[in-house]
1. Roughly how many Å² of HIS653 are accessible to a 1.4 Å probe, to the nearest 10?
2. Would you list, by chain and number, the aspartates and glutamates whose Cα falls below 13 Å from the Cα of LYS769, excluding same-chain residues fewer than 8 positions away?
3. Please turn the phi angles of region 694-705 into ³J(HN,Hα) values with the Karplus equation 6.51 cos²θ - 1.76 cosθ + 1.60 (θ = phi - 60°), one per residue in order, whole Hz, x for glycine and proline.
4. Once you list every other residue whose beta carbon is under 13 Å from the beta carbon of ALA217, what net charge do they have if Lys and Arg are +1 and Asp and Glu are -1?
5. Once both axes come from the Cα atoms, what is the angle between helix 17-35 and the longest principal axis of the chain, in degrees from 0 to 90, rounded to 10?
6. Send over the Kirkwood Rh of region 364-488, from the inverse of the averaged 1/r over different Cα pairs, rounded to one decimal Å.
7. How much of ILE732 can a 1.4 Å solvent probe reach, expressed as accessible area in Å² and rounded to 10?
8. Heavy atoms only, 1.4 Å probe, whole protein assembly: order VAL606, VAL273 by accessible area, highest first.
Amino acid sequence: MELARQIQKRCVKVTGPVCGHLKAFLRKLHTRWMRMNPRLQKGIGISVLGLILFELAVFLVPLPWAALQPPTSTLVFDREGRVLRAFTSADGRWRIRTDLDQVSPLLQKYLIFYEDRWFYYHPGVNPVALIRAFGQNLRSGRIISGGSTLTMQIARMMEPKARTWRNKLIELFRALQLEHRFSKEELLTIYFNIAPYGGNIEGVAAAAWLYFGKEPAHLSPGEAALLTVLPNSPTQLRPDLAPDRARQARDKVLKRLYDHGMIAEAEYREALVEEIPTARREWPFRAPHFSQEMVTRYPGEARIYTTIDRDLQVFLEELLALEVAKLKAEGITNAAAVVIDNRTHQLVAAVGSGEFFNEQDQGQVNGYLAPRSPGSTLKPFVYALAFEKGLLTPAHYVEDVPVIYSGYSPENYDSTYSGLVSAQEALQRSLNVPAVNLLAALGGESLYELLKKAGFTTLTPVNHYGLPMVLGGCEVNLLELANLYAALANGGKIYPVQTRLDQRTSPPLPLFSPGVAYIITEILTEVHRPDLPTCWEFTTLPKVAWKTGTSYGHKDAWSIGYNPRYTVGVWVGNFSGVGRAGLNGAEKAAPLLFTIFTHLNSNTTVSWFTPPATVKKRAVCAVSGQTPGPFCSPLRTDYYLTDCSPDVECTIHQTYLLDTATGYRLPPHYYSAARETEERVYLQYPPRVAAWLESNGQPVEKLPPLLPEWQKILPGGAPVVRSPSPDYVYHIRRGIPLEFQKICFEAAAGNDVQRLYWFVDGKFYGHTKPGERLFYVPKPGRFRVICQDDRGRSTEVFLEISN
């Protein structure tokens, strides 16, 4: 088509004298044709018609494209070009698609010389060779020589047929057809991809790998000679079945090459003593889950060069296999692990299970991509969001007391509470209640939105989760979770995980500021962690920022850690989802994490993170973690962010003016020359914390009563109603006596409150102390509940009860 366009373009330019000469030539040609012998005219016409019909047949008769482009096998390589795993083609063959520039020049030269030295000059058929073969076949009475060119051999490979005269003519036609359709280089490429080399081996690349363990670009003279002759009789000359015949055939090729000066004598002698492979090589079988994922993600590719480090991969596979073998005595049958290089954002190791071929324990499940409950591993990111929004700093207090959110009451892992703790301690101890409180303060959807922004693929619509999400009430996979932690190592920016060396690097997505990432890292780097088993030798652990997690029912154990160079994620559990007592992140996953980091650190020196310019230290109240007031003692040092951290003076250490004679508390800024006064410091705990401390036998120092004439004048904080919940509809269950379905009335108040009074629809119902409980017998309807303290301050909620 291109040639026709060029001719047309040139003809358009023919004008003037040139056009006149052309017309004269055509008139002369017509005159000679008319004077020609009719028989000769007829012969030429038939010949021309035959040529036209042949050309039409060449272009109109379809080629068997499927035979010329058969499905390829796939080799998955590590970052150094070492094979991890090989996959047969869809039709069960070892056939690795290869370009001509990937084939050794020696093999190309040997093949053309030995099989078809006129390859670059004939049109697909060599008449001299055909005549010679015809004479040999005529004398023998059967076909013993085909006189085949390489193009004719391709025709025979793409349409295998019995060796008959009729099929030989078809082969000739196909060869001419192939020459019309393809260049010589393209024909060589086809040959090297479909030639048979014994058994289910097709194509030179598969032969080179299975016989010599190398790419066809790196063949020695002896290897190239063997692969030159092997397609002539792939069954009879198979080196793994008939090594002697294979050697003789190879040496025959080498002798002819030597006799014609194609190789030097020294090279010839060396090639003759090269060993003939007596068995196929076994393909490596490393990173089986990862390799399968790559083949699924990139179908039809012959070679996939990945980011995996095979040496590290082998270490992880052997480590997890050994650990799983030990854990089976406890009913724990599997584990998975990933390692991400934080500098390149590449996945350098990925183990999906302890034993890939263990069908009983579902070893072929890819554990690092399987959706599982993350337990407490999402908590650091709720604290990161809170730091980012300026809600608190590491030393700032958080409440760890019982709480109810619309009927949902989170509990800590050990079912105990601490009252008031710092945010840093709450995260290091992995306390549940403070994490839920923080998520509620941030907005219940904030964590979900963060995970979606980070690219988590396992989440369903937002209304499915709510506050329990921070405690593992969702599903994540190990690789995406590890990459979220890698964002902390990368200054708060998350990068897509790279799995191929030729993969284009995508720009990062900022999740947190560098300052927030650094502070979270420092919190997670604490060595003396209370969730570590007491038998650990802390001084030998590599410096790592890390977090553990255990899902509800002890079904999943997690440990994720990172340093500036690597992020490591470990999961331990059962793919069946069966929980086991003792299956927790600190005892089952963390030891693996630190073993991996010890191995990684043995080959490299890692300097720790440098604090960003926005991270500073300051003195804060040791109790509240807030900016110290004049009466705060002792103090402690705390990190803060210059651009967003809160700067509020301590709200817990409060001073009050007392009447020395009566002990009454005086209002702020009170002055009277007639009264003798003194100033005292009280710990003014948040109402819920104060109520919990008292109910658990930890007396809170009460404020003296306010001077009587001021009690109705001075405003203050109203009680905090903990139950009933205004956002929850209570249901009366049929068949159960109402006395067993009573609804709890409970409220917290400041330490200046002695008594609380409860009213239902304007009628007095009862009184309690702060933190005490009063029970209400339910009946259907919507009721207005008021809790009023002894200073006249009140809080109103609505109680809704249905049948």
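1. Estimated to the nearest 10 Å², HIS653 gives 30 Å².
2. LYS769 reaches GLU694, GLU746, ASP752, ASP789, ASP790.
3. 5, 5, 10, x, 10, x, 9, 4, 7, 6, x, x
4. On the way: positive: LYS214, ARG303; negative: ASP99, ASP101, GLU215, GLU223.
In short, -2.
5. Computed tilt is about 50 degrees.
6. Working: mean 1/r = 0.0670 Å⁻¹.
So the Kirkwood estimate lands at 14.9 Å.
7. 30 Å²
8. On the way: VAL606 50, VAL273 110 Å².
Ranked list, largest accessible area first: VAL273, VAL606.
The values are calculated or read from the model by the stated rules, or taken from the named source; none is laboratory data. Source: prediction; values computed, not measured. Neighbour counts are summed over all protein chains in view; Cβ atoms, including those assigned to glycine, are modelled from backbone coordinates with ideal geometry. Heads up: the accessible areas ignore ligands, DNA and RNA and are worked out on the full protein's heavy atoms, side chains in. Shrake-Rupley method; radii C 1.70, N 1.55, O 1.52, S 1.80 Å.
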